[in-house]
1. I need a count of the residues in the stretch 155-164 that are buried (at least 18 other Cβ atoms within 10 Å of the Cβ) and of a type outside the set (Gly, Ala, Ser).
2. Restricting to the stretch 178-195, name every residue that is modelled with pLDDT of 90 or more and either assigned to a strand (DSSP E or B) or in contact with a Gly (Cβ under 9 Å, 6 or more places away or on another chain) (or both).
3. For the stretch 168-215, enumerate the residues that are under 14 Å from Gln154 (Cβ atoms), open to solvent by 50 Å² or more (accessible area, probe 1.4 Å) and within 20 Å of the chain's Cα centre (by Cα).
4. Any idea which residue in the stretch 92-124 is least open to solvent (accessible area, probe 1.4 Å), counting only those that are more than 13 Å from Val69 (Cβ to Cβ) and of a type outside the set (D, E, K, R)?
5. What number of residues within the stretch 169-208 satisfy the criterion of being within 16 Å of Ala84 (Cα to Cα) and without any contact (Cβ under 8 Å) to a residue 12 or more places away in the chain?
6. Name the residues in the stretch 125-144 that are aliphatic (A, V, I, L, M), farther than 15 Å from Leu85 by Cα and open to solvent by less than 20 Å² (accessible area, probe 1.4 Å), would you?
7. Select from the stretch 88-114 the residues that are modelled with pLDDT of 95 or more, out of contact with any Gly (no Cβ under 8 Å at 6 or more places or on another chain) and of a type in the set (S, T, N, Q) and list them in ascending order.
8. Are any of the residues in the stretch 162-171 in a strand (DSSP E or B), at pLDDT 95 or above and out of contact with any Pro (no Cβ under 6 Å at 6 or more places or on another chain)?
Amino acid sequence: QWLNISLTRAASVLTVSLVGGSSFTVPIGFEVSGFALRPWRSTMHARSFGVCAAKLPAPGGPPPPPPTVFTPGEAGVPVYRIPALCNAGPALVAFAEGRLGGDFSIKKLMTKRSTDGGSHWTPATVIPGTWQDGWCVGQPTCAYDPNSKVLFLQFQNSTAHTEVNGLTYQITSRTFGETWEAPTSIDKYLGQYHGVFPGPGNAIVLSNRSKYPGRLVFSAWGVTTLKGRE
């Protein structure tokens, strides 16, 4: 079947049309210096091929910077470190350690939500149930399961530990990060790796093509005694 192919560019939109077939548009914001046709598992013959580009507008200034999610000093927290970000259904949910100082200073688990793709964020708040006065809590590591619609967050409480290892917890939200259930200790499931630091960052949920679909996979680090060695 003979096809007439037409490519038309106007401003930053490229329109590809097949006469007698379908058409689609592609956003394109760069100069085109060449093109090629790549048929898939077949041979392509074109009766005619045309390219048309409207005069592009003069480039403007640089795009505005993305919004800052956590700002030092916000919510009375001087330092924000160790961020994590999850796409949880209708919301983006951000996490970070809210610190008074270094790694083993007083630390809180801070969170924010955005429901417009990250353009605007809620005020920074402490995740309920994860902190008491004087605690050192951190290492937020998150994953969102789209099947169960549950947001998972693992973290570590290092309040009584001045070097490595501590108490490892998991907390879940069924409202896309808006409310949270009570934290649960998971050290009893970790054997010789109890007390490790989750992540930080993001965990993954295995897909339906996996041998174990839906399984959560978290990385962690710490110190353990294995085969007589630390």
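1. Step one: of the stretch 155-164, the residues buried (at least 18 other Cβ atoms within 10 Å of the Cβ) are 155-158.
Narrowing the set further to residues that are of a type outside the set (Gly, Ala, Ser) leaves 155-157.
Number satisfying all stated conditions: 3.
2. Across the stretch 178-195, the qualifying residues are Trp180, Glu181, Ala182, Pro183, Thr184, Ser185, Asp187.
3. Residues satisfying the conditions are Pro200, Asn202, Ile204.
4. Out of the qualifying residues, it is Leu109.
5. 0
6. Filtering the stretch 125-144 down to residues aliphatic (A, V, I, L, M) leaves 126-127, 137, 143.
Next cut, farther than 15 Å from Leu85 by Cα only: 126, 137.
Of everything in the stretch 125-144, just one residue is aliphatic (A, V, I, L, M), farther than 15 Å from Leu85 by Cα and open to solvent by less than 20 Å² (accessible area, probe 1.4 Å), namely Val137.
7. The one that is modelled with pLDDT of 95 or more, out of contact with any Gly (no Cβ under 8 Å at 6 or more places or on another chain) and of a type in the set (S, T, N, Q): Ser114.
8. The answer is yes, given that some residue of the stretch 162-171 is in a strand (DSSP E or B), at pLDDT 95 or above and out of contact with any Pro (no Cβ under 6 Å at 6 or more places or on another chain).
The values are calculated or read from the model by the stated rules, or taken from the named source; none is laboratory data. Owing to the predicted nature of the structure, the values given are computational and were not obtained by experimental measurement. Here the Cβ is made from the backbone with ideal geometry for all residues, glycine too, and neighbour counts use every protein chain on show. Ligands, DNA and RNA are stripped out before the accessible areas are found, and what is left, the full protein with its side chains, is counted by its heavy atoms. Shrake-Rupley method; radii C 1.70, N 1.55, O 1.52, S 1.80 Å.
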